[in-house]
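Below is one structure; the comments refer to it alone.
The values are calculated or read from the model by the stated rules, or taken from the named source; none is laboratory data. These numbers were taken from a predicted model, which means no experiment stands behind them. Cβ: placed from backbone, ideal geometry, glycine included. Neighbour counts: every protein chain shown.
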Amino acid sequence: MDYRELYDMAKKASSNAYAPYSKFKVGAALMARNGKIYTGVNVENSSFGATICAERTAFVKAISEGEREFEALAVYGSGGEALPCGICRQFMYEFAPDIMVITGEDEQHLNVRALNKLLPEGFSL
């Protein structure tokens, strides 16, 4: 799958985000090594700490269905380029320290980076 296609899937998923507080809708599309795609969105909560990011939503969906190997994650933000937050970076590092993370302003201007570049020396037991 082309990274632009994965990014487009993240963009489409973002329409399902629940972001009444920030108004920043985020979608993620996670590609497992077997090619299956899992999408996720940010779901905000009035107690902010209960909010979950799109990246973790996609990972939790995949993990709950037995996936453990991942190739790439695309992240789209309604207000511009959306990079995974620190919690998401560490969460993803647990399962895929070398995963490719695709972000950008639009499908024509993508940034592709390995997670271990976004989170050098991530924590692992």
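Odds and ends about this structure:
- Exactly one residue out of 77, 40 is closer than 20 Å to residue 22 by Cβ and touching a residue at least 40 places away in the same chain (Cβ under 8 Å): that is 77.
- Any hit, region 82-100, residues being in contact with a helix residue (DSSP H, G or I) (Cβ under 6 Å, 6 or more places away or on another chain) and among the β-branched types (Val, Ile, Thr): yes
- Restricting attention to region 1-26 and to residues that are in contact with a strand residue (DSSP E or B) (Cβ under 9 Å, 6 or more places away or on another chain) and polar (S, T, N, Q), the residue that is nearest to residue 104 (Cα to Cα) turns out to be 14.
- A count restricted to region 70-98 and to residues that are over 11 Å from the mean Cα position of the chain (by Cα) and among the hydrophobic types (A, V, I, L, M, F, W, C) stands at 4.
- Every condition in (1) assigned to a helix (DSSP H, G or I); (2) over 19 Å from residue 24 (Cα atoms) holds for residue 123 except the one numbered (1).
- Among the residues of region 79-108, those identified as at pLDDT below 95 and not charged (D, E, K, R) are 79, 80, 108.
- Residue in region 12-20 that is under 16 Å from residue 115 (Cα atoms) and at pLDDT 95 or above present: no
- Pairs meeting the criteria (first residue in region 105-125 and within 18 Å of residue 78 (Cα to Cα), second residue surrounded by 13 or more Cβ atoms within 10 Å (Cβ to Cβ) and polar (S, T, N, Q), beta carbons under 6 Å, at least 6 apart or on different chains) are 111/103.
- Of the residues making up region 20-37, those that are free of Cβ contacts under 8 Å to residues at least 40 places away in the same chain, more than 28 Å from residue 69 (Cβ to Cβ) and of a type outside the set (Phe, Trp, Tyr) are 20, 22.
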